[in-house]
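The values are calculated or read from the model by the stated rules, or taken from the named source; none is laboratory data. Note that the structure is predicted; figures quoted are calculated from it, not measured. Backbone-built Cβ (ideal geometry, glycine too); neighbour counts: all protein chains shown. The protein model used for the area step is the full one, side chains on, heavy atoms only, and it has no ligands, DNA or RNA in it. Shrake-Rupley method; radii C 1.70, N 1.55, O 1.52, S 1.80 Å.
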Amino acid sequence: MAISVAGGVKPAQIIEVEQRLQKQLIVGKGKAVVMADDISPELEDDANKLEIEREAIQARLAKQNQAKAIYDAVSNQLLTSVNANIEHQLSSPEQVLQLSKLDEKQILLLELLYSPQVDLVRIRPLVTALPWLERDLVNMVNSPTFRHRRPKSSEVQVTDIKLVLNYIGIENLQSLVPYYCLRHLMPAGQPQMLWLTRKIWRYSMVSSIAAQALAELHEKDRAFIYSCSLMSQLGVTCVINQCAKTFDDMWGAWLREASASRDKELYDAVMATEFPANDVYQLVLSHSRSLNWQLLSLLKFDNSRLTQTYKAIDTKIKYAELDEDSALIERANCYAKVYLLKEAKNITAAECRLMFDYYQISEQEQIRLSGQNYSKLVLF
């Protein structure tokens, strides 16, 4: 009979499986399954063109020893500079927060939306103070998929935010706002980050769908569990965002200098240099879980339910020591990791059982989770 590892100190085999999923998301070369709500479809052509050009240059360099030596030297020098810059930025949570797209208005808005008594009067000025969120909500209300929910006489474009929020309603806002907040935090506008961003986004969607299912099964606070699950990628997105921006800025500057010098070998060497995914993967492992709660603490939300949940997940040594909220989030994360590793044929049946055993996912929970549709997050 197999010995159960349920809830104790996390075994090395569990850690290895979880890190395998993280590596698959960040380092893996496979292109992510496109979700129905893909966050950056317009970048796909640019990403494909960049990838084809880079692969062609790398293939050519592989046949030319001298050019390959130049590529190795230039690429190593560029990536050393990039990594030194990134390590400096990640050396303190204060610097991470300063360079991130996160602010206290977003967290306060999430808190108000999962509070027992949701007040649209308090929510409205916060939405207005976040122009990107106001734009997303206005676009949602005026979209063909939402228009049938409005009064039949109302075919005109709605722009008044008070009317927009009333049309959407509190329950739909509890789904839409965390979703748009996470989208806002994701890396954007960088073709070479498209596949990585899509994989992180998909993991977030799968884990939040699983979290909602568990919350409904156990009659827990669905609004909080859903927000907490989505925003648990906060640390990951902040690390990747800063790595992506630093690489993009330095790579672009080197590329322009190489172009201006008319040195084709130098230009090809810079052009062929890839985003340092392995280095970024190690930085995500080191920083992301602690940043989840440290960033919220820096924004003066130390006593927030979100902060306390993320801190427990990061600091408790044993799964069995977690409170109900944290344990449920971790079970949803476990299921999402197993689901995506299975999809990639990157996990064994024995490892699946070990994961479910450690996180104490019951047979009833497995049945409920296996019955969900993980291709699209239902927002309203």
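Select, from N278, N241, the only residue that is open to solvent by 70 Å² or more (accessible area, probe 1.4 Å), among the polar types (S, T, N, Q) and closer than 20 Å to P187 by Cβ. Criteria check complete, one pass: N278. Figure legend. Inter-residue proximity from the stretch 116-138: first residues free of Cβ contacts under 8 Å to residues at least 24 places away in the same chain, second residues open to solvent by less than 40 Å² (accessible area, probe 1.4 Å) and of a type outside the set (V, I, T), beta-carbon distance below 8 Å, spacing 6+ or different chains. Indicated pairs: D119/L112; R122/L112; L126/L109; L126/L112. Whether any residue in the stretch 349-358 is of a type outside the set (A, V, I, L, M, F, W, C) and in contact with a Ser or Thr (Cβ under 6 Å, 6 or more places away or on another chain) is what I want to check. Checking the stretch 349-358: at least one residue is of a type outside the set (A, V, I, L, M, F, W, C) and in contact with a Ser or Thr (Cβ under 6 Å, 6 or more places away or on another chain). Taken over the stretch 71-94, the residue count meeting the criterion of being open to solvent by less than 50 Å² (accessible area, probe 1.4 Å) and either out of contact with any Pro (no Cβ under 6 Å at 6 or more places or on another chain) or hydroxyl-bearing (S, T, Y) (or both) is 12. Listed by position, the helices (runs of 4 or more DSSP H) enclosed by the stretch 167-255 that each have at least 3 residues that are over 19 Å from the mean Cα position of the chain (by Cα) are 170-185, 194-217. Residues that are closer than 19 Å to Y335 by Cβ and either of a type in the set (A, V, I, L, M, F, W, C) or modelled with pLDDT of 95 or more (or both): does the stretch 246-254 have at least one? No, there is no match, as no residue in the stretch 246-254 is closer than 19 Å to Y335 by Cβ and either of a type in the set (A, V, I, L, M, F, W, C) or modelled with pLDDT of 95 or more (or both).
Looking only at the stretch 256-282, count how many residues are in contact (Cβ under 8 Å) with a residue 12 or more places away in the chain, in a helix (DSSP H, G or I) and over 23 Å from the mean Cα position of the chain (by Cα). Steps first, answer last, please.
Taking the stretch 256-282 first, the residues in contact (Cβ under 8 Å) with a residue 12 or more places away in the chain are 258, 265-281.
The next check asks that each one be in a helix (DSSP H, G or I); those that pass are 258, 265-272, 277-281.
Keeping just the survivors that are over 23 Å from the mean Cα position of the chain (by Cα) gives 258, 265-272.
Selection size over the stretch 256-282: 9.
Restricted to the stretch 288-312, and to residues there that are part of a loop (DSSP other than H, G, I, E, B) and touching a residue at least 40 places away in the same chain (Cβ under 8 Å), the residue that is farthest from Q95 (Cα to Cα) is S304. Could you tell me which residue of the stretch 349-380 is surrounded by the most Cβ atoms within 10 Å (Cβ to Cβ), considering only residues that are closer than 11 Å to A213 by Cα and among the charged types (D, E, K, R)? My answer is E365.
Pick out the one residue from S92, S100 that is over 30 Å from R124 (Cα atoms) and at pLDDT 70 or above. Lay out the reasoning, then the answer.
Numbers: S100 fails: over 30 Å from R124 (Cα atoms).
Step by step, each of S92, S100 is checked, and only S92 is over 30 Å from R124 (Cα atoms) and at pLDDT 70 or above.
Residues considered: L322, L285, L328, L354. Of these, the only one that is over 18 Å from E16 (Cα atoms) and in contact (Cβ under 8 Å) with a residue 40 or more places away in the chain is L328.
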